[in-house]
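Have a look at the structure below before the remarks.
The values are calculated or read from the model by the stated rules, or taken from the named source; none is laboratory data. This one's a predicted model, so the numbers in the text were calculated from it and none came from an experiment. For neighbour counting, all protein chains shown are included, and Cβ atoms are generated from backbone atoms with ideal geometry for every residue, glycine included.
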Amino acid sequence: MTEKVSFRAAPAGGGPEFSGEAAPRRSGIYTISPAFATAGEWRIALDVSVEDGAQTIVMEGLDVQSPGGERDHGHEEGPANTISFTKEQQWVVPVVTVPADRGPVVERHRLAAWVVPTPDTQNMAAAPLGGVLRTEGMSSFPRIGDAVEAGQPLAWVDTAAMSAESLARDANTQGRQSLTVDLDTRAAEAAGEADRARALVAQHERALKRAADLLDARAGSQRDVDAARSALDEARAMLRAAERVAESVRAARSGVGAPAPPAPPETRPVVSVPITGRVTQVHAGPGTLVDAGAPVLTITGAGTVLVEAHAPESLIPALANPPSGMLELPGEGGVLRAVVPAAGAPEPWMAPKVDPETRTAPLFFHLDNAEGRLAVGMSLSVWADGRGVEDAVRIPVSAVVDENGIATVYVMLEGESFQKRNVRLGVRDGVMVEVLDGVAAGERVVSQGAYLVRLASVAGSGLGSAHVH
């Protein structure tokens, strides 16, 4: 808070100095009323004392006029539509002006985008075999938020413990035993069928011999011999079939055998970190029974991220290819950040296809994220580059006020005088916009506080009290 403002005045060419104190008009606003003895060039020093120190402000070369040559300091007739907005008002409500300049403007189109997960940005450390996780002989097991390095060992798997694999082996053993019993039963049945067929063959062989002997003794007929031979052939066919069944059952039984021993696992199979990053989820810890392939940790590494944007098919011909542009992060409306491709990553590209449902084409940007501003899953905006103008009159986008659909800016004519102008705009890049008509290069426009100047124009004589001369 200002405590005291005083002044010291002296002719620029030398002479007696006089001083006085400034009178406070209101909080923070002081007025000095020096009575100059002679006309000419004067020097004034303002001494400002505040709570945390003092400061001297020197004003050189003040032109003091004699009473007869005093200039008219009344309100001069200014240009049409002049708006009065005093310095006192500008101090209370910040008003920032910038000059319209000339330079390149690249048209940018705002596209919805996301930081999508990839195996390089989000991955899981998994158990190579089933068993119990052990950490004996290793460093402490990571927790959520801990930084880990690719290849870092986390734990080893004790495969001797009961696991899903051993349970599966037991189930296979039980199934094998049941199959063995079934095959043994079928083998016994097949052997019995073969024995019965052999007995029947022997019986028909004896019958054929008897019929043949009777025929030789002229006590039998050829018909009896043929019938006995036919019955023997049928019995032999039954025997061959029974023997084939018995042989196939024996082969199946010998193929079952004893269960094969499990393959010996590698010595202390290790769970390792797949990517460099931080632990974002713990699925299993030391002492946990896990199956082969079960997740242990989820690691998110955001050093390099993939941003995917979607461009409507109507914009595809207007966009630069390969794509380029700027990023606008959530909560940073109007602040555009450069797209920084990651070293060694593929260059930005636009997929040569349009989604049949959304009618958009995806654009991909592999970006460096050393500052960690981009998080996996984040939604953001990509301002994709389109056509450009090399030499344009340009002003900040924030300087443009939409008044009933008409683009308007406020130009500073003097320190306290502004003028409202309708402008015709061209290419815009999200920060700067091309002015085709209405503002010339070098003219100062209100880039911050334009709406307050607009309110002053509506009020007529400005907001607050008028300037006192």
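I'm trying to understand the selection: among the residues of segment 374-387, which are in a loop (DSSP other than H, G, I, E, B) and surrounded by fewer than 16 Cβ atoms within 10 Å (Cβ to Cβ)?
Listed by number, the residues that qualify are ALA375, GLY377.
Please determine, by comparing only the residues of segment 390-406 that are out of contact with any helix residue (DSSP H, G or I) (no Cβ under 9 Å at 6 or more places or on another chain) and surrounded by fewer than 17 Cβ atoms within 10 Å (Cβ to Cβ), which one is farthest from ASP437 (Cα to Cα). Step through it out loud before you land on a result.
Step one: filter segment 390-406 for residues out of contact with any helix residue (DSSP H, G or I) (no Cβ under 9 Å at 6 or more places or on another chain), giving 390-397, 402, 404-406.
From the residues that got through so far, the ones that are surrounded by fewer than 17 Cβ atoms within 10 Å (Cβ to Cβ) too are 390-391, 397, 402, 404-406.
On the way: GLU390: 17, ASP391: 14, VAL397: 15, ASP402: 16, ASN404: 19, GLY405: 16, ILE406: 13 Å.
Top of the filtered list is ASN404.
Any chance you could count how many residues in segment 36-61 are in a strand (DSSP E or B) and of a type in the set (D, E, K, R)? Let's see the steps before the verdict.
Restricting attention to segment 36-61, the residues satisfying the condition of being in a strand (DSSP E or B) are 40-50, 53-61.
Among the residues that remain, those that are also of a type in the set (D, E, K, R) are: 41, 43, 47, 60.
Final tally of qualifying residues: 4.
Yes or no: GLU21 modelled with pLDDT under 80 and surrounded by fewer than 15 Cβ atoms within 10 Å (Cβ to Cβ)?
Details: modelled with pLDDT under 80: no; surrounded by fewer than 15 Cβ atoms within 10 Å (Cβ to Cβ): yes.
When the stated conditions are applied, GLU21 does not pass them.
State all residues of segment 400-421 that are of a type outside the set (Val, Ile, Thr) and either within 23 Å of ASP385 (Cβ to Cβ) or at pLDDT 95 or above (or both); if no residue qualifies, say none.
ALA407
From (1) without any contact (Cβ under 8 Å) to a residue 40 or more places away in the chain; (2) within 17 Å of the chain's Cα centre (by Cα); (3) exposed (fewer than 13 other Cβ atoms within 10 Å of the Cβ), pick out the condition that doesn't hold for GLU332.
(3) is the only condition that GLU332 fails.
What number of residues in segment 392-436 are of a type in the set (D, E, K, R), more than 32 Å from the chain's Cα centre (by Cα) and assigned to a strand (DSSP E or B)?
7
Keeping to segment 328-340, report how many residues are modelled with pLDDT under 90 and not in a loop (DSSP other than H, G, I, E, B).
Of the residues in segment 328-340, 2 are modelled with pLDDT under 90 and not in a loop (DSSP other than H, G, I, E, B).
Here is a list of conditions, (1) in a strand (DSSP E or B); (2) more than 24 Å from GLY377 (Cβ to Cβ), and ALA320 meets all of them except one; can you say which number that is?
(1)
Do any residues in segment 102-125 that are within 30 Å of VAL433 (Cβ to Cβ) have Cβ atoms under 6 Å from those of residues that are among the aromatic types (Phe, Trp, Tyr), where the two are at least six apart or on different chains, and which pairs are they?
Every condition considered, the pairs that remain are ARG108/TRP383; ARG110/TRP383.
Checking the conditions here, which among ALA311, ALA343 is crowded, with 17+ Cβ neighbours inside 10 Å, small (Gly, Ala, Ser) and either out of contact with any Gly (no Cβ under 6 Å at 6 or more places or on another chain) or part of a loop (DSSP other than H, G, I, E, B) (or both)?
Result of the check over ALA311, ALA343: ALA311.
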